[in-house]
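Engineer: Dumping the structure here so I can ask a few things about it.
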Amino acid sequence: MEPNEQSIHTLLMRTAHKQRNYLRPYLSEVGLSTGQPKVLRCLNACGSCSQRKLADACEVDPSAICRMLDSMEREGLVQRQPSPESRREGIVRLTERGKQTFNIWEARCARIDEHMLEGFSAQERRQFCDFLARAYRNMGGQMV
């Protein structure tokens, strides 16, 4: 079957699968586990935020984000502190090590993006990003 004859969801899933396979070895190389790059990206974008907002932004449930943050805090990637507004809610921020790890991860991802988009013009790359972002928002996602 020709690629343009396949459904969009099949092409998206197959592309995402290939991308994950390319990136998986880099996770352990930089000391991250699945899901943690998304947490680093969210914290890098918003500075510090509550665990609840972080869970929402990463589209995971609060108990999952709590376990992930426990591990990331032990690794020195994030720091949690009590919120000045609410004793029940913690504030999370990246440490210097977390920022460095995020930058290394993003550089690796940029190389994979370059490989994936080889032969695309600058305009096609912008359009592709715009199309994917719009499709994501149409599915109820919020860009961070």
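Engineer: State whether one or more residues within region 110-119 are open to solvent by less than 30 Å² (accessible area, probe 1.4 Å), closer than 17 Å to Ala16 by Cβ and modelled with pLDDT of 95 or more.
Structural biologist: There is at least one residue in region 110-119 that is open to solvent by less than 30 Å² (accessible area, probe 1.4 Å), closer than 17 Å to Ala16 by Cβ and modelled with pLDDT of 95 or more.
Engineer: Which one of these is under 25 Å from Tyr136 (Cβ atoms) and either of a type in the set (A, V, I, L, M, F, W, C) or surrounded by 12 or more Cβ atoms within 10 Å (Cβ to Cβ) (or both): Cys42, Cys66?
Structural biologist: Cys42
Engineer: I'm told Arg97 meets every condition in (1) more than 20 Å from Leu27 (Cα to Cα); (2) in contact with a Gly (Cβ under 8 Å, 6 or more places away or on another chain) except one. Can you identify the failing condition by its number?
Structural biologist: (1)
Engineer: Does Ala122 satisfy the condition of being over 18 Å from the mean Cα position of the chain (by Cα), without any contact (Cβ under 8 Å) to a residue 24 or more places away in the chain and surrounded by fewer than 16 Cβ atoms within 10 Å (Cβ to Cβ)?
Structural biologist: yes
Engineer: Quick test for you: out of Gly47, Gly76, Gly35, pick the one residue that is among the small types (Gly, Ala, Ser), out of contact with any helix residue (DSSP H, G or I) (no Cβ under 9 Å at 6 or more places or on another chain), open to solvent by less than 90 Å² (accessible area, probe 1.4 Å) and at positive phi.
Structural biologist: The unique qualifying residue is Gly47.
Engineer: Out of all the residues in region 1-41, which are within 30 Å of Arg80 (Cα to Cα), assigned to a helix (DSSP H, G or I), among the polar types (S, T, N, Q) and at pLDDT 90 or above?
Structural biologist: Gln36
The values are calculated or read from the model by the stated rules, or taken from the named source; none is laboratory data. Being a predicted model, the structure only gives us computed values, none of them experimental. Quick reminder, even Gly has a Cβ in these numbers, built from the backbone with ideal geometry, and neighbours come from all protein chains shown. Calculation scope for accessible area: heavy atoms of the full protein, side chains included, ligands and nucleic acids excluded. Shrake-Rupley method; radii C 1.70, N 1.55, O 1.52, S 1.80 Å.
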